[in-house]
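The values are calculated or read from the model by the stated rules, or taken from the named source; none is laboratory data. What you see is a predicted model; the values in this text were computed from it and never measured. Cβ: placed from backbone, ideal geometry, glycine included. Neighbour counts: every protein chain shown. The area values use the complete protein model at the heavy-atom level, side chains included, leaving out ligands, DNA and RNA. Shrake-Rupley method; radii C 1.70, N 1.55, O 1.52, S 1.80 Å.
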Amino acid sequence: QVQFVESGGGLVQPGGSLRLSCEASESILSKHPMNAMGWYRQAPGNQRELVATITPRGGSTNYREAVKGRFTISRDNAKNMVFLQMNDLKPEDTAIYYCNLVGSAQLIGDYWGQGTQVTVSS
């Protein structure tokens with residue numbers, strides 16, 4: 001069963017914006033109600049990194065330093081959706097973006113989806 005489906009990526013010029021969406025399966029959220037959700041990214045040749053997190057009820061968010069002030073994570077629990085608004089995009093933001101639970105590699109390793117490609121280029 002596909003646990004997360006990401007969408008919204010594309011090609012954008014530096015300084016542009018994109019809004020990513022992630023649809024989570026009801027079963028995965030029910031199985032892990034206490035886990036935060038996160039957006040991750042992986043650029044070619046790099047390891048996957050955690051970009052932003054949001055607590056189960058959306059009351060707290062955290063961002064890696066490189067995206068602070070530019071990216072905003074949000075969620076709509078009624079629709080099992082998580083979003084990432086990305087503004088002032090830079091070429092170094094180019095990567096495949098994924099959503100998943102926040103947890104150990106052992107916990108979340110089987111839940112990765114296909115991701116959505118974001119390319120920032122002029």
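Some points to look at:
- Residue within the range 90-108 that is more than 23 Å from MET34 (Cα to Cα), assigned to a loop (DSSP other than H, G, I, E, B) and either in contact with a Leu (Cβ under 7 Å, 6 or more places away or on another chain) or β-branched (Val, Ile, Thr) (or both) present: yes
- Residue in the range 86-93 that is of a type in the set (Asp, Glu), under 22 Å from GLY10 (Cβ atoms), out of contact with any helix residue (DSSP H, G or I) (no Cβ under 7 Å at 6 or more places or on another chain) and open to solvent by 50 Å² or more (accessible area, probe 1.4 Å) present: yes
- Remark: pairs (first residue in the range 88-99, closer than 10 Å to ALA43 by Cβ; second residue assigned to a loop (DSSP other than H, G, I, E, B) and among the basic types (Lys, Arg); Cβ separation under 9 Å; 6+ apart in sequence or on different chains) = ASP93/ARG70; ALA95/ARG48; ILE96/ARG48.
- Which listed residue is surrounded by 14 or more Cβ atoms within 10 Å (Cβ to Cβ) and at positive phi, from GLY69, GLY58: GLY58
- Of all the listed residues (THR94, THR55, THR72), the sole one being under 15 Å from the mean Cα position of the chain (by Cα) and within 20 Å of GLN114 (Cβ to Cβ) is THR94.
- The range 12-28, residues that are over 10 Å from LEU84 (Cα atoms), part of a strand (DSSP E or B) and within 17 Å of the chain's Cα centre (by Cα): GLU23, ALA24
- Residues of the range 29-75 that turn out to be at pLDDT 95 or above, of a type outside the set (Phe, Trp, Tyr) and not in a loop (DSSP other than H, G, I, E, B), as a count: 19
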